[in-house]
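See structure below.
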Amino acid sequence: MFDEIELGIEFFEGLLAVDEAIVRQAAEEACRFCGGPLHRGDYPRKPRGGVLGPCGEAFCQRFSLCCGREGCRRRATPPSVRFLGRRVYLGAVVVVASVIAVAIRTARAIREATGVPARTTRRWLRWWRGPFTTTSAFVEMSARLVPVVQRRRLPASLLERLSGEPTRRVEKLLAWLTPLTTASSPDGSRFVRGLM
């Protein structure tokens, strides 16, 4: 089901609109270190989309903020639904390629289906089944989604519990994952509430 998902330009434009709304909300707050005003300080990214999301490679600006008070100038990068932390691949590609890697076992088939090296998808699967399961985002998702999420099938078991078309499910999961996309904005999920 998820191997036929289309991550087209409209999908990534929708994620871009959500990220723009998030950065506008975050810019209204003061610097959490000194209380100074926050100003836009976007920076370039070179995201990879592989075979799954080549359209997403065009969206290469990571929205960010920095304190405007002299002497502080600390960065406050709000959460993102496009990027999954510091990973080079787009967040949607990480999710969908991981789901495909759960279903396909051979390295060559994974590479052909996703455009992502099998070694990379295996590393992502280790993250989904290991460190991810200790995050507050996973604990919250697990508490809300019943029956119990099968850890050995992550992230496929999460997507199966969400409602809607496959692309809508990916969007919802990316929204749940936003607190994991930045360390400089505590409680990042508050920015996404009501946007998706």
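A short reminder: the numbers here are calculations on the coordinates, not readings from a lab. Values in this document were obtained by computation on a predicted structure and should not be read as measured data. As a convention, Cβ positions derive from the backbone with ideal geometry for all residues, glycine included, and neighbour counts pool all protein chains shown.
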Gain in span if fully extended, E20 to R144, counting 0.36 nm per residue against the direct Cα distance:
41.9 nm
On a C-alpha basis, how far is the centre of segment 100-175 from the centre of segment 39-91 in Å? Whole number, if you could?
22
Take the eigenvalues of the Cα gyration tensor for segment 57-129, scale each by 5, and report the square roots as semi-axes in whole Å, largest first.
34, 12, 9
For the chain, what does the helix formula give at 222 nm: sum of -39500 (n - 2.57) over DSSP H segments with n ≥ 4, over the residue count, nearest 500 deg cm²/dmol?
-12500 deg cm²/dmol
Would you calculate the separation in nanometres between label points at S136 and R168, each defined as 7 Å from the Cα along the Cα-to-beta-carbon direction?
2.9
Going by how many other beta carbons lie within 10 Å of each one, how would you line up Y43, Y89, fewest first?
Y43, Y89
Using the basic label-point model (7 angstrom from Cα toward the beta carbon), what is the R152 to A109 distance in nanometres?
1.8
The chain: C-alpha pair distances exceeding 21 Å, %:
51
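With a cut-off of at most 15 other beta carbons within 10 Å, and DSSP calling the residue loop, which GluC sites (Glu not before Pro) in segment 1-61 qualify? Please list them. Don't jump to the answer; show the numbers that get you there.
On the way: sites: E4, E6, E10, E13, E20, E28, E29, E57; in loops: E6, E28, E29.
Within segment 1-61, the qualifying GluC sites (Glu not before Pro) (loop, at most 15 other Cβ atoms within 10 Å) are E6, E28, E29.
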Sorted by number, the cysteines in the chain with no other cysteine beta-carbon under 4.7 Å are C55, C60, C66
